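Undergrad: Let me give you the structure first, and then I'll get to my questions.
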Amino acid sequence: MKQLLIATLLFVTLSAEKCNTDQAGVTGMANVLDTKWVLQSLGENAISMPDGLPSPWLKLMKDGNTLEGNGGCNQLMGSFALEGDKLSFPGGVGSTKKYCANTMATETAFLSALKRVDGFKMDGGLLKLMGGGQELAAMKGE
């Protein structure tokens with residue numbers, strides 16, 4: 001009887017931990033997907049766009065594979081891989097090819113950062129794109 005009680009307690013404890021871990025992972029992914037993430041900063045530099053021009057943004061579609069966005073001038077498109085807190089853009093992020101003198105530096109820096117992303121973390125309402133253990137960009141959900 002004592003062994004049955006210990007086995008039951010062990011099973012319940014291990015099952016509860018598994019459920020908590022799975023639920024946290026699903027919740028984290030649900031928070032990241034299908035939200036328009038607007039760029040706030042690259043590294044430690046805040047983003048400031050000229051009047052009337054949109055800030056760069058990304059949306060990781062809930063199909064779990066495609067992305068859309070805007071670099072501040074050009075439309076962005078591509079695919080992503082998301083597993084737990086790992087995020088990457090294995091096929092790269094493509095863009096249209098317009099030239100916008102006032103925003104090209106920001107767009108180029110944003111696309112360069114996206115190439116180095118290997119993970120993310122949520123910090124309040126901010127999605128922080130990580131690469132090599134460093135914060136590459138911070139984005140706010142809309």
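Where a number appears in this text, it was derived from the coordinates with a stated rule and is not lab data. The shown structure was predicted, so the numbers you read here are calculated from the model rather than taken from an experiment. Every residue, glycine among them, receives a Cβ derived from its backbone with ideal geometry; neighbour counts consider all protein chains shown.
Undergrad: Could you grab me the full set of residues in segment 107-142 that are touching a Phe, Trp or Tyr at 6+ places or on another chain (Cβ under 9 Å), more than 15 Å from Leu42 (Cα to Cα) and not in a loop (DSSP other than H, G, I, E, B)?
TA: Residue satisfying the conditions is Gly141 alone.
Undergrad: At least 1 residues that are small (Gly, Ala, Ser) and more than 15 Å from Lys140 (Cβ to Cβ) in each: list the strands (runs of 3 or more DSSP E) lying fully within segment 31-103 that qualify. Can you show your working first?
TA: Numbers: elements: 36-42, 57-60, 66-70, 75-79, 81-83, 86-88, 93-95.
In segment 31-103, the matching strands (runs of 3 or more DSSP E) lie at 75-79, 81-83, 86-88, 93-95.
Undergrad: Also: Which ones in segment 101-112 are surrounded by 15 or more Cβ atoms within 10 Å (Cβ to Cβ) and either without any contact (Cβ under 8 Å) to a residue 40 or more places away in the chain or closer than 16 Å to Glu68 by Cα (or both)? So that I can check it myself, show each step before the final result.
TA: Filtering segment 101-112 for residues surrounded by 15 or more Cβ atoms within 10 Å (Cβ to Cβ) gives 103-104, 106-107, 109-111.
Hits for segment 101-112 are Met104, Glu107, Phe110, Leu111.
Undergrad: List the pairs whose first member sits in segment 34-56 and is touching a residue at least 24 places away in the same chain (Cβ under 8 Å) and surrounded by fewer than 18 Cβ atoms within 10 Å (Cβ to Cβ), whose second member is acidic (Asp, Glu) and in a loop (DSSP other than H, G, I, E, B), and whose Cβ atoms are under 6 Å apart, counting only residues at least 6 apart or on separate chains?
TA: Within 6 Å, the pairs are Lys36/Glu142.
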